[in-house]
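The values are calculated or read from the model by the stated rules, or taken from the named source; none is laboratory data. Since we're looking at a predicted model, the values are computed, not measured. No Cβ is skipped: glycine too gets one built from the backbone with ideal geometry, and neighbour counts run over all protein chains shown.
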Amino acid sequence: MYTNNKLSKAVRLAIAFGAASATAFTASVNAAEEDVVEKVERIEVTGSRIKRTDLETASPISVFSAEDLETAGFATLEKFVQSLPAVNGAAQGSNINNGSNGSATVSLRGLGAGRTLLLVNGRRTAFSDLNAIPMSFVERVEVLRDGASTVYGSDAIAGVVNFITKTDFEGAEFVAQYDMTGEADGETTKLAATVGTSSDKGNVVLSLEYTNRNPIGQKDRAFSECPLADDGNGGVACFGSGTTAMGTWTSLTPGTTFTGMVVDPTTGQPRKFNAATDAFNFATASYMVTPQEVFSINAAASYQLTDDTRVFMEGGFTNRQSDQLMGAEGTFWGQVVSADHPNNPIGERLVINRRLEETGGRAFTQDFSDYRMVLGLDGFLDNGWSWDVSYNYTRFVDTRVDFGRANPKRFANLTDPTLCAADAACPGLWNPFVAGTLTSDMIDYAFLPNSPVVRGGTRQFNANLSGDLGSIELPAGPVAWAAGVEKRWTEYLFQPDGAALIGEIYSVAGEKTEGAYDVEEAYVEVSVPLLADLPGVESLNLSAAIRSSDYNFLDRTNNTKIGLEYKPFSGLLVRATRADGFRAPSITELFAPQQESNLPYNEPCIGYGLPGATQSANVKANCAADGLPANFTLSSNQSSSLTGGNPNLTPEESESLTFGVVYTPEFIENFSIALDYFDIEITNGIGTAGTSNIINGCYESANFSSPLCALLIGAAAVDRIPLPTSPRRDVLGAMSGILVTNANLSTFNTTGIDFDVNYAFDAAGGRVKLRLDGTYLNEYNYEPFAGAETVELAGFYGEDNWEQTTAAFAEWRANFTAGYTADNWSLNWTARFMSGTYDQTVDLETSTNTSNYANSVIYHDVQGSYYFDNYTFTFGVRNLFDKQPPYTTNNNDMNTVSPSYDLAGTYMYGRVVVKF
């Protein structure tokens, strides 16, 4: 009877609160009732390898069931996981167009996707892409919100997201869902089928899922249909890029007055570029929500070989086809027009920045395949110890094709009569001074597709043993322990396109890179009951773990974790953990190719010489030394930066602390509340100094004396023509050639409080469930490089150091869900809240920007379901009141903080589920 009472308490905690969860069961579903107790007593909780008799742990864990996923109403895992309050900053996903690789990632604490370990059934994946995990196959999601390097090894600095799949499923389930926005676009279709059967000896489950998401263009929403900029009068106006459809040009004659010119389309005469009328609107050919098509097939099976030994298998394959579309390529390399070109308006050799809009835009496509196979054995020894051995094989192949990429050599022929005449394939001279003059023959001649292939994989061998000391027992109970070994092999290859290898495609990596490493690891974990059944001490348990990791390219490292669980009386748990973290450089951080990326930055010289300019004396002097006019401005704040891997990286290290309480009062049935404080500090962090940090740090130094200025390697390094008065800038004045490759530079510190409240009760003949999940972000500080000023982001929007994309780091994020379920129907309402943030890059007291604040927002989602026989019919609306994202001055990608807000507006969806 004691065991049943203890079990009831633990299960109530897990279901009502999510303090922990079971991930491994050892008896069949048809076991007798007394065996069911034994089955649940031997469980493995995410964040620990010890199989224990209690679901409560020292580490804070949130559990979300398949029902929670359905209630959220999303068709895929991406939006559900990224909406969790403990997730912050930017991440890859449907909101990212410029810079996307088609994947969907998760960043716990906003510390970066690479510091959040993604697991499937406790094992690693090859690419950490949420798209590769079908929602219909997920039984629950477990989110460990503290460091777990001692349990899982590298990458678990910020925490772990563990997807537990359906491995014990009986019957058949078919799902069809269709989503559409209130603007009748962005349609998403989902079809899924799961079938399974079981016997006394084992079970088999098979799952198929297909999703298709249609794109939404930036031109399809009023807030993003044109790049906006402040008009100087407290309002905004439509601007765009200075690389125009009719060409913005500058004479190469020394001392010329023909700088920043266009040929007027009405008069045919040269005049100065006017951003208000001439700038190129790149939003018309850019996605706001990116499309994708995903098919997956997954299976799991197990078979009881003997009473104490089981064999299990898992297999999965996912194919994702994704796309991004951006404004057409520009002649950023510095397109020269010869003096004798018949359309040259001044008869002087000049350079023209012309937007090649006749191509329709730059299209980036990925055909991504992910493979996963697991084979293992588990069981029990005669003394009750449990063991398991498994081999996990994962691999991905990413076949990419980019369209609309230029060959500068052939473009040079198109604007030089002599060069064109010397090439028999040249289709004739091009007039770049007039829009719409690039013919299809010229496009065929001067453009090449770029088709690189990226592939990689991980192999993982695990062996674990868990038990207790048997007859050697402390007064408070037995000492539980786990020990194990792991070996991992990881490899990566980037194979560039053949034309890129020989330098024929502009701004494309042309260097083949590949690498591999392996690691051997061993760990020991113990759980020691110190006190029990004393006045004021129902129980006091100490847990500790150590893991040793030996990478073949690094020094051996040891990491430890210690936890404490104290129950002064029934219903109250006080818990704390302290953990060392460790993250080896990832395979892509080591070996990804160096290539150009057009990253936004905060230009220090805007209007530096005007009355009332707030720049420092050093900045003003350096801007003048660049030869910039006093009223300098930019039509586009994108820099041509060099990003990529670094094989000389060393590991990151971290320390994390959590302290919290869980209260489940016995006098209120099915009620629980938890508060958990977290403090994570990372040193030797891998990242980049950040484009804006490099540029502004350099310009703040006297006579460009900062070491950061060495990272401004100049326009020539990225094949652009320099501004005659400044090698750091291209002929349009934009910063060019910023070296932002990976390095061990950063330190991070983030603190805050997670809070969770759950309550369930019967009312009006049905069941009411209330759940509140939230996070208060007290601090999020990082030092981009040694000696740099600390960047404080809690309550601000600014550059995510991991993604190099502007994101909101809101102080408050919370999700509240209220649900009512009757016999044959249910209703659910969810409110998703994010507090407002300020622009981190400006002085809020002196800034004259129209908007330095991104508003707080509450998204309301509603859903209703009707149950009839084996059918469930659901209709729901996300973002019921069509909340639009706010305008922010310093963001020219969709004019807002695009990774942090719902962009498409209201989504309506219908879903049918059939179960047999």
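Computed values, structure above
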{"read-out": "Selection within the stretch 710-728 - among the hydrophobic types (A, V, I, L, M, F, W, C), within 23 Å of Q615 (Cβ to Cβ) and either crowded, with 18+ Cβ neighbours inside 10 Å or modelled with pLDDT under 85 (or both)", "value": "L711, L712, A715, L723"}
{"read-out": "Residues of the stretch 420-445 satisfying the condition of being part of a helix (DSSP H, G or I) and free of Cβ contacts under 8 Å to residues at least 40 places away in the same chain", "value": "C420, A421, A422, S440, D441, M442, D444, Y445"}
{"read-out": "Matching residues, the stretch 332-364, being among the hydrophobic types (A, V, I, L, M, F, W, C) and in contact (Cβ under 8 Å) with a residue 60 or more places away in the chain", "value": "F332, W333, V336, V337, I346, L350, V351, I352, L356, F364"}
{"read-out": "Answer from E565, E520, E525, E538 - the residue that is in contact with a helix residue (DSSP H, G or I) (Cβ under 8 Å, 6 or more places away or on another chain) and of a type outside the set (K, R)", "value": "E525"}
{"read-out": "Test set (1) at pLDDT 95 or above; (2) surrounded by fewer than 22 Cβ atoms within 10 Å (Cβ to Cβ); (3) in contact with a Leu (Cβ under 9 Å, 6 or more places away or on another chain) - D861 fails condition number", "value": "(2)"}
{"read-out": "Condition check for S507: touching a Phe, Trp or Tyr at 6+ places or on another chain (Cβ under 8 Å), more than 28 Å from N646 (Cα to Cα), surrounded by 20 or more Cβ atoms within 10 Å (Cβ to Cβ) and hydroxyl-bearing (S, T, Y)", "value": "no"}
{"read-out": "A285, sole failed condition from (1) under 35 Å from the mean Cα position of the chain (by Cα); (2) closer than 16 Å to T633 by Cα", "value": "(2)"}
{"read-out": "Breaking point among (1) surrounded by fewer than 22 Cβ atoms within 10 Å (Cβ to Cβ); (2) under 30 Å from the mean Cα position of the chain (by Cα), for E669", "value": "(2)"}
{"read-out": "Residue, nearest to Y566 (Cα to Cα), within the stretch 647-685, restricted to residues that are out of contact with any Phe, Trp or Tyr (no Cβ under 9 Å at 6 or more places or on another chain) and touching a residue at least 40 places away in the same chain (Cβ under 8 Å)", "value": "V661"}
{"read-out": "Residue check, I695 surrounded by 22 or more Cβ atoms within 10 Å (Cβ to Cβ) and of a type in the set (A, V, I, L, M)", "value": "yes"}
{"read-out": "Selected residue (only one of V204, V175, V151 is within 28 Å of N121 (Cβ to Cβ), touching a helix residue (DSSP H, G or I) at 6+ places or on another chain (Cβ under 8 Å) and hydrophobic (A, V, I, L, M, F, W, C))", "value": "V175"}
{"read-out": "Filter pass, V337 being more than 30 Å from N101 (Cα to Cα), aliphatic (A, V, I, L, M), at pLDDT below 95 and in contact with a Ser or Thr (Cβ under 7 Å, 6 or more places away or on another chain)", "value": "no"}
{"read-out": "Answer from T790, T741 - the residue that is touching a residue at least 40 places away in the same chain (Cβ under 8 Å) and either in contact with an Asp or Glu (Cβ under 6 Å, 6 or more places away or on another chain) or on the phi < 0 side of the Ramachandran plot (or both)", "value": "T741"}
{"read-out": "One residue from N815, N749, N801 being under 29 Å from V63 (Cα atoms), in contact with a Phe, Trp or Tyr (Cβ under 8 Å, 6 or more places away or on another chain) and surrounded by 22 or more Cβ atoms within 10 Å (Cβ to Cβ)", "value": "N801"}
{"read-out": "Count of residues meeting criterion [in a loop (DSSP other than H, G, I, E, B) and β-branched (V, I, T)] in the stretch 614-673", "value": "5"}
{"read-out": "In the stretch 442-464, residue surrounded by the most Cβ atoms within 10 Å (Cβ to Cβ) [restricted to those that are within 24 Å of Q495 (Cβ to Cβ) and of a type in the set (S, T, Y)]", "value": "T458"}
{"read-out": "Positions within the stretch 807-851 being within 19 Å of V87 (Cα to Cα) and assigned to a loop (DSSP other than H, G, I, E, B), in sequence order", "value": "A810, E811, S835, G836"}
{"read-out": "Strands (runs of 3 or more DSSP E) contained in the stretch 165-243 and holding at least 3 residues closer than 23 Å to V374 by Cβ", "value": "188-198, 202-213"}
{"read-out": "Those residues of the stretch 590-601 which are surrounded by 19 or more Cβ atoms within 10 Å (Cβ to Cβ) and not in a strand (DSSP E or B), in sequence order", "value": "L590, F591, A592, P593, Y601"}
{"read-out": "Matching residues in the stretch 866-896 - criterion: being over 19 Å from Y907 (Cβ atoms), more than 22 Å from the chain's Cα centre (by Cα), of a type outside the set (V, I, T) and not in a strand (DSSP E or B)", "value": "D869, N870, Y887"}
{"read-out": "Every residue from the stretch 729-746 that is part of a strand (DSSP E or B) and surrounded by 23 or more Cβ atoms within 10 Å (Cβ to Cβ)", "value": "R729, D730, M735, S736, G737, I738, S746"}
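Here's the yes/no breakdown for (1) surrounded by fewer than 16 Cβ atoms within 10 Å (Cβ to Cβ); (2) of a type in the set (D, E); (3) on the phi > 0 side of the Ramachandran plot:
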{"position": "G612", "(1), (2), (3)": "yes, no, yes"}
{"position": "N618", "(1), (2), (3)": "no, no, no"}
{"position": "C623", "(1), (2), (3)": "no, no, no"}
{"position": "G627", "(1), (2), (3)": "yes, no, yes"}
{"position": "A630", "(1), (2), (3)": "yes, no, no"}
{"position": "L642", "(1), (2), (3)": "no, no, no"}
{"position": "N646", "(1), (2), (3)": "no, no, no"}
{"position": "E655", "(1), (2), (3)": "no, yes, no"}
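Here's the yes/no breakdown for (1) at pLDDT 95 or above; (2) of a type in the set (K, R):
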{"site": "A148", "(1), (2)": "no, no"}
{"site": "Y152", "(1), (2)": "no, no"}
{"site": "D155", "(1), (2)": "no, no"}
{"site": "Y178", "(1), (2)": "yes, no"}
{"site": "R213", "(1), (2)": "yes, yes"}
{"site": "A229", "(1), (2)": "no, no"}
{"site": "G232", "(1), (2)": "no, no"}
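Rundown of residues vs (1) part of a helix (DSSP H, G or I); (2) at pLDDT 95 or above; (3) out of contact with any Pro (no Cβ under 7 Å at 6 or more places or on another chain); (4) surrounded by fewer than 22 Cβ atoms within 10 Å (Cβ to Cβ), yes/no style:
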position	(1), (2), (3), (4)
E56	no, no, yes, no
S59	no, no, yes, no
S62	no, no, yes, no
D68	yes, yes, yes, yes
V81	yes, yes, yes, no
P85	no, yes, yes, no
A90	no, no, no, no
G93	no, no, yes, no
I96	no, no, no, no
